[in-house]
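A.B. asks: One structure, as structure tokens, below. Some questions next.
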There are 2 protein chains.
Amino acid sequence: MYPLLKKYLSGDISITDEQFNAACNVFHLKTTKRNEVLVESGDISRYMYFVNKGCLRIFLLNTDGKESTRFLVPEGRFGTSFPSFILQEPSLAYVQSVGPSELLMINYDDFRRLTDFLPGWEKAYRNNLEQDYIDSIKRIESLITTSATERYALLMKDNSDLIKMLPTKIIADYLGISRETLSRLKKRV
Amino acid sequence: MYPLLKKYLSGDISITDEQFNAACNVFHLKTTKRNEVLVESGDISRYMYFVNKGCLRIFLLNTDGKESTRFLVPEGRFGTSFPSFILQEPSLAYVQSVGPSELLMINYDDFRRLTDFLPGWEKAYRNNLEQDYIDSIKRIESLITTSATERYALLMKDNSDLIKMLPTKIIADYLGISRETLSRLKKRV
DNA sequence: TTAATTTGGTGACAAATGTCACTTATGGCT
DNA sequence: AGCCATAAGTGACATTTGTCACCAAATTAA
């Protein structure tokens, strides 16, 4: 069961089925519908979600009703409103499944205790954090150094699968531009 | 010596002078001049720098010669070209000290081994990573959700000390806008 | 299947920001 | 102290992007 999760939790070293099963006890399966909201803005994000199938979206809603996508979490990765989950304080962002999804959720205390079951987790978690941080640095760089056109071209090159499966409006607010602007970029590029 | 570093390395638990001294052996003091470049784009960033005095700046240089500041590292924090250091691959960014600074540098292998000397480091490092990641998420949010005017107002509120000590052009490319635009914002806000 | 809703595209115009050229002010260095 | 290089400010104009209104296409839900 859940080979993606097992791979993710193992890190460098392989873990036994017993160890993995013990860890699995603290994960709960949640099946979501399209556009289902898992965390509302203002809630404390109590769970970390592993995307076994589907895709999560973390987004902000400003006072004018405009949405901005902070992150997209593809299959095989953990995601949640990270600042809220880690600090256990109210979330600015919403967490939503963009399509019908299969999530494995784990609460804060269990997440912090994962290391008790899983010998490789301490290091694997640190590596994942480092990689997520690096990804976010690259996102910052693209936002401060490139125009919308370049950002779209880059996303198309690196994440063409995301572009294919997600509606334009989500891609647009992930890039930090309006739907209309993206619509026009598509013609030019 | 170096109370700021000791505090940072300790994390939650206090460490003894002996433990700290052992750790100190792998740090080397470097005194830099204003605008001194520590890592060139294309180099592998071999050191993590602890800012004991002064301020570091991590910036990108595009083909037109325009600079963009990815991060500013204040006193009492670690900084380097993080993706390059962690992955030990060539850096896109430059690392520079904005004023005369006092840095404590540690090479990659020693950094990875810090945990051998310091009982609290594993956890402290993870906490710092989480916090740095959260900070970068907030930066992404401000870049995708707010206008230049709002970003400047927010920076002035949260980091007025940085604004005071750094030249306008650095603040401008940290915000991802041109010097001229920032100049005009200052009058309006 | 159909009706309703959502999404995507486009024109016209507005607003924000960038670019260039130039002047003034500042601050580092000898 | 004084010179020089760098930084900051500003006007005019170009470019990019956003906003609004509207229609077409696609997708969802009944």
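None of the figures in this text is laboratory data; all of them are computed from the coordinates on show. For clarity, every value in this text was computed on a predicted model and none was experimentally measured. Note that each Cβ is placed from the backbone with ideal geometry, even for glycine, and that neighbours are counted across all protein chains shown.
A.B. asks: Distances from B:Asn25 to the same position in the other copies: list them in nm, one decimal, shortest first, using label points 7 Å from Cα along Cα→Cβ.
C.D. replies: Ordered by distance, the counterparts are at 4.4 nm.
A.B. asks: Give me, ordered by chain and number, the residues 5 or more places off B:Phe71 or on other chains with an amide H under 5 Å from its own placed amide H.
C.D. replies: B:Ile58
A.B. asks: Oh, and also: How high is the relative contact order of chain A, in percent, counting Cα pairs under 8 Å that sit 6 or more residues apart?
C.D. replies: Normalised by residue count, the contact order of chain A is 26 percent.
A.B. asks: In nm, one decimal, shortest first: how far is the label point of A:Lys169 (7 Å from Cα along Cα to beta carbon) from the matching points in the other copies?
C.D. replies: Nearest first, the other copies' label points are 4.3 nm away.
A.B. asks: Count charges around B:Leu162 for me, please; just the other residues with Cβ under 12 Å from its Cβ, Lys/Arg as +1, Asp/Glu as -1.
C.D. replies: Summing Lys and Arg as +1 and Asp and Glu as -1 gives 0.
A.B. asks: Counting Lys +1, Arg +1, Asp -1, Glu -1, what net charge surrounds B:Asp173 among other residues with beta carbon under 11 Å of its beta carbon?
C.D. replies: Neighbour charge sum, excluding B:Asp173 itself: +4.
A.B. asks: Among all lysine pairs in chain A that are eight or more places apart or on different chains, how many have alpha carbons less than 20 angstrom apart?
C.D. replies: 20
A.B. asks: Here is a further query. Quick one: dipole size for region B:112-185, taken about the Cα centre, charges +1 on Lys/Arg Cβ and -1 on Asp/Glu Cβ, in debye to the nearest 20.
C.D. replies: Using only the charged Cβ atoms, the result is roughly 140 debye.
A.B. asks: Over all residues in B:123-130, what is the mean tally of Cβ atoms on other chains that come within 10 Å of each residue's Cβ?
C.D. replies: Mean shielding count: 3.
A.B. asks: Also, I was wondering about something else. With a ≥ b ≥ c the root eigenvalues of the C-alpha gyration tensor of region B:57-98, is it rounded (a/c under 1.5), prolate (a/b larger than b/c) or oblate?
C.D. replies: oblate
A.B. asks: Right, next: Between the DSSP loop rule and a limit of at most 13 other Cβ atoms within 10 Å, which trypsin sites (Lys or Arg not before Pro) in region B:22-84 are left?
C.D. replies: B:Lys33, B:Arg34, B:Lys66
A.B. asks: Can you give me the long-range amide H partners of A:Gly99? Hydrogens built in the peptide plane at 1.01 Å from N, cutoff under 5 Å, separation of 5 or more residues or another chain.
C.D. replies: For A:Gly99, whose amide H was placed from the backbone, the distant partners under 5 Å are A:Asn35, A:Cys55.
A.B. asks: I would also like to ask the following. Calculate the translational D of the protein assembly as shown in whole µm² s⁻¹ from Stokes-Einstein, where the hydrodynamic radius comes from the Kirkwood formula applied to all Cα pairs, the temperature is 37 °C and the viscosity 0.692 mPa s.
C.D. replies: Result for D is 147 µm²/s.
A.B. asks: Which distances, shortest first and in nm, link B:Leu87 to the matching position in the other copies, using label points set 7 Å out along Cα to C-beta?
C.D. replies: Result for B:Leu87, in nm, nearest copy first: 2.8.
A.B. asks: Continuing with this model, one more query. How long are the three semi-axes of the equivalent ellipsoid of region A:3-120, in whole Å, if each is the root of 5 times an eigenvalue of the C-alpha gyration tensor, listed from largest down?
C.D. replies: With the √(5λ) rule applied to region A:3-120, the semi-axes are 27, 15, 11 Å.
A.B. asks: Further, regarding this structure: Going highest first, how would you order A:11-17, B:119-125 by mean Cβ packing within 10 Å?
C.D. replies: For the peptides A:11-17, B:119-125, the packing ranking is B:119-125, A:11-17.
A.B. asks: Could you give each residue of region B:50-66 its phi-based ³J(HN,Hα) in whole Hz, using Karplus coefficients 6.51, -1.76, 1.60 with θ = phi - 60°, and x for Gly or Pro?
C.D. replies: Calculated HN-Hα couplings, in order: 9, 7, 7, 8, x, 6, 9, 9, 10, 9, 10, 10, 8, 5, 7, x, 8 Hz.
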